[in-house]
Amino acid sequence: MEPNPSVDEASAHKTGPLAGLDVFIGGPIQHAILENGFVGHLQDAITMAIHTVTENGASVFSAHAVEKFGAETASFTPEQVSVRDFRWMKKCDVFVPVLPVMEDQTLRRTDGTHVELGWATALGRPIVLITKQPFVESASHLLKGLHRVAPVQAIDFDAFTEKPSLLIGAVLTVIERQCDEIGTSRVA
């Protein structure tokens, strides 16, 4: 039996601007586990994103929380992770990948998050990217041009860490944009 996901089961009773939304927060895990532990600034940013959306009423899906930022990653098989994350993507209302930039100004490697970005796009999930803006040179053309094929909002990584509430506005904006595109309205 799969462990309980990080979804807050009391979300049906939560209030706030994101009440009723399921938010999947992603980002590097495998390539963020270093000899001395998980990359600190990335863990802080993901923890901040989880806290920000839950404090504003949303439920969260997070492999980082379930796998305790790498401490329990080895407890899961590739099959379990793939099935779990794909199920979360199908259920979520918004995907929020955190894509950090390393000191050499390249994106930290995160193969899984890029697969999830493909799933999100194919499934029509709105995306809020948290990464350096403008995009670093090493970001792929597909990442830089994603907004042309999917509802995407980008938040600068440093701006987010200084003002986490930017995430709330970005989630609401990308949800509204998607609703406008398909001709529906969000009912909280």
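The values are calculated or read from the model by the stated rules, or taken from the named source; none is laboratory data. Quick caveat, the model's predicted, so the values are computed rather than measured. In this analysis, Cβ positions are derived from the backbone assuming ideal geometry, glycine residues included, and neighbour counts consider all displayed protein chains. What goes into the accessible areas is simple: the full protein's heavy atoms, side chains included, and nothing from ligands, DNA or RNA. Shrake-Rupley method; radii C 1.70, N 1.55, O 1.52, S 1.80 Å.
Brief remarks follow.
- When restricted to residues that are touching a strand residue (DSSP E or B) at 6+ places or on another chain (Cβ under 7 Å) and either open to solvent by 60 Å² or more (accessible area, probe 1.4 Å) or at negative phi (or both), the stretch 20-41 contains 7.
- Some residue of the stretch 108-120 being assigned to a helix (DSSP H, G or I), modelled with pLDDT of 95 or more and touching a Gly at 6+ places or on another chain (Cβ under 6 Å): yes
- Count of residues meeting criterion [more than 22 Å from GLU181 (Cα to Cα) and without any contact (Cβ under 8 Å) to a residue 24 or more places away in the chain] in the stretch 102-119: 4
- Residue count for the stretch 146-161, restricted to those that are surrounded by fewer than 19 Cβ atoms within 10 Å (Cβ to Cβ), β-branched (Val, Ile, Thr) and more than 20 Å from LEU42 (Cα to Cα): 1
- Given (1) in contact with a Ser or Thr (Cβ under 8 Å, 6 or more places away or on another chain); (2) surrounded by fewer than 21 Cβ atoms within 10 Å (Cβ to Cβ), number of the condition PRO97 does not satisfy: (2)
- Any hit, the stretch 75-84, residues being in contact with a strand residue (DSSP E or B) (Cβ under 7 Å, 6 or more places away or on another chain) and either modelled with pLDDT of 95 or more or under 27 Å from HIS147 (Cα atoms) (or both): no
- The condition of being open to solvent by less than 20 Å² (accessible area, probe 1.4 Å), without any contact (Cβ under 8 Å) to a residue 60 or more places away in the chain, in a helix (DSSP H, G or I) and under 27 Å from VAL81 (Cα atoms) holds for only one of LEU143, LEU167, that being LEU143.
- Applying the criterion of being touching a Phe, Trp or Tyr at 6+ places or on another chain (Cβ under 6 Å) and within 16 Å of ARG177 (Cβ to Cβ) to the residues of the stretch 120-138, the residue that is surrounded by the fewest Cβ atoms within 10 Å (Cβ to Cβ) is ARG125.
- Screening ARG109, ARG84 for residues that are over 13 Å from the mean Cα position of the chain (by Cα) and either open to solvent by less than 20 Å² (accessible area, probe 1.4 Å) or not charged (D, E, K, R) (or both) leaves exactly one candidate, ARG84.
- In the stretch 175-184, the condition of being modelled with pLDDT under 95, surrounded by fewer than 17 Cβ atoms within 10 Å (Cβ to Cβ) and part of a loop (DSSP other than H, G, I, E, B) is met by at least one residue.
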